[in-house]
Amino acid sequence: MTAPTPAPCPTCGEVMNGGPCPRCLFAVSFGPEVTSEESTPWTRIGNCDLHEEIGRGGMGVVYRAWQPGLDREVAVKVLRHARFAGPEERMRFHREAKAAARLKHPGIVAIHDIGEDEGVPWFSMEHLPGKNLEQLVREHPLAAEDAADLVRRVAEAVQHAHDHGVLHRDLKPSNILLDRNGMPRVTDFGIARIDGRGVEELTATGQVLGSPGYAAPEQAFGGEANARTDVYGLGALLYHLLTGRPPFQAPTLDAILMQLRDSEPLSPRQLNPTVARDLETICLKCLRKDSPQRYPWAKAVADDLARFLSGEPIRARPPTPAERAWRWGKRRPWTAVLVAACGILLTTLVFGSLAVARREHREERRVTLLAMSREARAERLGGSRARALAAITEAWQLKPSAELREEAIAALAMPGIRFLPKIGGEFPVPAALTVMDSSGKRRATVRSQPEANADFIEIQALADGAVLHRLEFPHRITCLDWSGELLVAGGREIRLLHVWDTITGQRLHRFSGHNADLEAVSFRPGGQEFVSIARDGMLRLWHAGLGEEIARLSGLPEHAGPVAWSEGGRVLKVRRSDGSAVDGFRFAWPLSVTIVGPGAAEPRSENLPTLHLDADGRHAVTVDETACRLWSLSEGRELARFPKTGTEWISAAFTPDALWLAGWNAGLRKIPLTPGDLKPSTPALSPGPLLVASSRDGSHLALTQNEQRPADDRMLLVSTSDLSTRNLPQMDPFCAAFSPDGKQLVTGSFRAAGATLHTLETGEHRTLDHTGLVLGARFSDDGRQLWLWGDHAVTRWDTATWKSQTIHAGQAPLALAISPDGHLAASATRRFVILHDARDLSQITRLEIPAAAGEAGMPTIAFSPDGSHLAIHVEDGGVISWDLPVLQAELARWGMEWKGPHAPDR
């Protein structure tokens with residue numbers, strides 16, 4: 001939705017962004033403006049030319065100004081409504097200037113000059129174009145170490161003020177500015193006290209000094225202040241940076257004051273579980289209501305924060321339960337007496353009630369932490385993974401549960417991003433707008449269209465120079481990158497990211513979200529994820545194969561391209577746009593989950609299995625409505641694509657050394673899995689059969705052959721060595737499975753219930769009873785068990801006695817697979833892949849399908865032949881693969897792993 005256009009001032013035509021018109025405000029204070037041209041200053045005051053308003057408070061308005069005599073940019077603060085201001089307001093304004101002028105410290109905004117022009121008091125000071133701390137944490141709290149370092153520097157500046165007889169008394173995030181190097185600078189000494197003079201006579205009875213939510217109790221209720229009052233302000237500042245809110249907040253001033261008098265601030269760890277306990281202890285010690293219990297001076301706060309940052313033991317200690325109870329009793333003395341009397345009379349009842357309350361509190365806390373984790377994951381911010389895992393860890397310590405383990409698995413599937421300011425190091429020079437594909441056989445080059453003020457991308461084959469595709473872009477291109485078959489580019493003016501399929505030349509996605517021209521795009525090594533950088537203080541992470549934004553960071557310094565990956569794709573180096581520093585971003589990529597996608601939604605209509613994994617789960621083959629695709633899961637990209645013809649059905653299977661394809665419109669084809677071109681062989685057999693199984697040693701394939709007369713239907717047994725065939729009787733054949741030794745083959749039908757067991761050496765066959773259709777079959781690695789499943793039941797056969805057991809009866813899941821060792825089963829729902837104990841299909845745990853991958857639809861799930869990987873092919877064409885041993889190892893770090901397939905929750 002387009003934001004409304006700011007209305008012009010009816011008097012002078014100046015655009016207003018809320019509040020009174022800045023030009024007309026000057027007209028009231030100083031008289032008419034001298035010009036209406038934008039490049040000319042609004043007016044002059046003292047020796048400064050004022051250009052634009054950059055801030056305002058209860059007492060003054062701050063303008064960006066130019067001091068011609070000294071040829072420098074400054075900020076000028078003038079008394080608000082000066083012509084109507086009384087003596088008290090003028091004295092306060094002069095006191096602010098005097099208080100700040102006597103301080104010379106790199107952490108305090110310096111005062112240059114002070115004066116009065118036609119009855120309007122003013123003073124000039126340094127101009128800092130950066131954000132204040134309130135703006136910095138508007139979207140999300142700071143990391144604990146960053147918040148601690150900022151407040152440590154502020155505390156050192158405040159100590160300098162105390163040493164020179166100045167109390168600030170209004171420390172809050174909006175009064176701390178950031179300079180060009182990101183260092184904090186204290187400003188706004190509007191209610192400061194100098195050497196104990198000038199406050200009491202300027203404070204009316206009942207007037208609250210300081211900002212609601214940040215003022216110390218003795219200041220808010222009694223107008224008293226000392227060094228410990230500013231210590232409280234430092235604690236309130238640290239609290240806001242860690243949680244994104246003040247210690248006390250409410251809709252009215254009276255409600256805030258009531259909280260300040262009667263309540264303790266919420267623990268920062270309740271609002272942000274990533275906060276370290278020591279840092280929380282420092283923060284809450286600053287916020288003690290009784291000032292003698294706080295740090296005695298600002299330097300003590302700075303020293304304890306320095307100890308925290310260096311990993312040394314801090315001096316502060318958290319309050320004991322007895323101290324907390326004593327404080328509560330002081331606030332409610334009569335209630336405390338009554339509680340004590342009841343405690344003496346009803347000791348047993350009280351202890352019992354406390355035990356119940358503690359259990360209820362633990363359960364409420366556990367539920368809250370679980371909700372916090374889910375909320376963090378839904379936000380998809382750079383720190384969401386860390387916040388979610390911290391919440392789950394604390395909840396697990398309160399009470400382990402299967403639900404928490406599943407939430408941990410979902411959090412581990414997310415990427416995490418942490419900002420590393422000023423890491424330094426060498427940085428590459430900008431490269432030409434030309435990239436090569438991963439095979440080194442194609443090149444993408446940006447070409448200019450001067451007449452259209454736009455560019456296009458030319459995809460060229462290096463072998464013969466042929467132009468394969470021309471990819472149109474509506475504006476100038478500033479950056480591009482290539483991974484697998486996906487190419488991404490960004491440019492000026494339009495601020496959109498375009499993603500193309502370089503096989504077809506089709507544009508797949510247009511991503512939006514940046515507020516400035518694109519500076520850099522870069523795929524991470526070994527994945528379809530890519531980052532985008534623009535000069536808008538944001539880093540965004542996208543998944544080109546899924547067409548989704550998966551994480552972002554904002555509130556950053558402005559950065560410019562190019563970018564460079566290091567540490568195997570774990571650290572991204574980016575140069576600041578002003579060239580002052582090289583920053584870094586550390587990525588925590590999922591270790592146990594790999595996600596690849598075709599780049600565009602491709603729902604499938606086939607009811608044959610559409611997913612197979614190779615021996616160790618490093619490669620996958622999928623079939624969708626347009627093509628058969630070979631994926632490298634270890635490299636996170638598409639290796640090859642074999643298009644369909646029209647509405648052709650196509651099928652695939654791995655053998656140890658090759659990928660085999662068969663389809664309605666083409667015969668059986670072999671693609672050797674060797675480095676180089678992945679080209680299929682000349683088709684063998686006539687078109688029509690579909691490939692449904694391969695033997696463990698790769699010596700034989702099973703293909704369905706459906707004829708016009710059902711009596712002529714059969715299963716084809718094909719030798720991969722000489723492509724000789726053998727017919728096995730099976731009406732309406734649909735699925736098949738070889739025994740481990742290759743001597744038996746079980747087949748199922750899409751019309752008739754039950755299955756047929758073929759003994760290949762003798763040619764004998766027998767019927768295996770099964771309720772409903774058999775849509776899938778699997779022998780265990782040792783050959784002792786056979787699983788059959790379909791639309792009404794799952795049965796397990798003992799191959800020594802050929803006796804069966806019905807494990808599940810009723811409606812079948814969306815998909816089912818049995819692990820090679822026969823210990824695990826996996827099924828699919830709309831949002832989860834469920835791991836089962838194969839003995840009775842009892843649930844072990846659930847693996848959430850990442851939201852960016854869409855819903856399962858009518859999926860296929862499969863185990864790799866070695867049982868290490870489990871994967872699902874969802875309706876939009878994406879493949880999600882879990883490395884089960886790695887996932888178990890990750891969960892074991894927190895004691896959350898399942899102890900084998902049969903272990904109950906601990």
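Worth a mention:
- None of Ile392, Ile417 is part of a strand (DSSP E or B) and modelled with pLDDT of 95 or more except Ile417.
- If the condition is being within 27 Å of the chain's Cα centre (by Cα) and of a type in the set (Val, Ile, Thr), then segment 238-290 contributes Thr243, Thr274, Val275.
- Test: residue in segment 109-121 that is under 21 Å from Leu70 (Cβ atoms), among the small types (Gly, Ala, Ser) and either out of contact with any Gly (no Cβ under 9 Å at 6 or more places or on another chain) or in the same structural domain as Ala306 (by TED's automatic domain parsing) (or both): yes
- Met258 meets all of the listed conditions (1) at pLDDT 90 or above; (2) part of a helix (DSSP H, G or I) but one, namely (1).
- Residues of segment 495-551 satisfying the condition of being acidic (Asp, Glu) and touching a residue at least 60 places away in the same chain (Cβ under 8 Å): Asp501, Glu529, Glu548, Glu549
- Residue within segment 61-81 that is closer than 21 Å to Ile191 by Cβ, modelled with pLDDT under 85 and out of contact with any Pro (no Cβ under 6 Å at 6 or more places or on another chain) present: yes
- Residue in segment 788-807 that is among the basic types (Lys, Arg) and in contact with a His (Cβ under 8 Å, 6 or more places away or on another chain) present: no
- One residue alone among Gly235, Gly198 is modelled with pLDDT of 85 or more and either surrounded by fewer than 19 Cβ atoms within 10 Å (Cβ to Cβ) or at negative phi (or both), and that residue is Gly235.
- Only one entry of Arg751, Arg714 meets the criterion of being surrounded by fewer than 17 Cβ atoms within 10 Å (Cβ to Cβ), more than 21 Å from Leu613 (Cα to Cα), in contact with a Pro (Cβ under 9 Å, 6 or more places away or on another chain) and at pLDDT below 95, and that entry is Arg751.
- Selection status of Arg180, over 20 Å from Thr274 (Cα atoms), under 28 Å from the mean Cα position of the chain (by Cα) and at pLDDT below 90: yes
- Residues of segment 275-309 that are surrounded by fewer than 17 Cβ atoms within 10 Å (Cβ to Cβ), part of a loop (DSSP other than H, G, I, E, B) and touching a residue at least 60 places away in the same chain (Cβ under 8 Å): Ala276, Pro296.
- Lone unmet requirement of (1) of a type outside the set (A, V, I, L, M, F, W, C); (2) touching a Phe, Trp or Tyr at 6+ places or on another chain (Cβ under 7 Å); (3) within 27 Å of Ile818 (Cα to Cα) for Glu648: (3)
- Condition met for Gly698 (surrounded by fewer than 21 Cβ atoms within 10 Å (Cβ to Cβ), under 49 Å from the mean Cα position of the chain (by Cα) and at pLDDT below 90): no
Here is a yes/no grid of residues against (1) in contact (Cβ under 8 Å) with a residue 60 or more places away in the chain; (2) in a loop (DSSP other than H, G, I, E, B); (3) of a type in the set (Val, Ile, Thr):
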| site | (1), (2), (3) |
| --- | --- |
| Ala711 | no, no, no |
| Val718 | no, no, yes |
| Met731 | no, yes, no |
| Ala736 | no, no, no |
| Pro740 | no, yes, no |
| Arg751 | no, yes, no |
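- In summary, strands (runs of 3 or more DSSP E) completely within segment 38-96 and bearing 3 or more residues that are touching a residue at least 12 places away in the same chain (Cβ under 8 Å) occur at 48-56, 60-67, 72-79.
For every residue, the table says whether it meets (1) among the β-branched types (Val, Ile, Thr); (2) assigned to a helix (DSSP H, G or I); (3) within 20 Å of Thr504 (Cβ to Cβ).
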{"residue": "Trp396", "(1), (2), (3)": "no, yes, no"}
{"residue": "Glu407", "(1), (2), (3)": "no, yes, no"}
{"residue": "Phe427", "(1), (2), (3)": "no, no, no"}
{"residue": "Val435", "(1), (2), (3)": "yes, no, yes"}
{"residue": "Ile459", "(1), (2), (3)": "yes, no, yes"}
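- Residue match in segment 108-115 (condition: farther than 30 Å from Ser310 by Cα, modelled with pLDDT of 90 or more and not in a strand (DSSP E or B)): no
The values are calculated or read from the model by the stated rules, or taken from the named source; none is laboratory data. Not measured: the values here are computed from a predicted model. Glycine also receives a Cβ, built like all others from the backbone with ideal geometry; neighbour counts cover every protein chain displayed.
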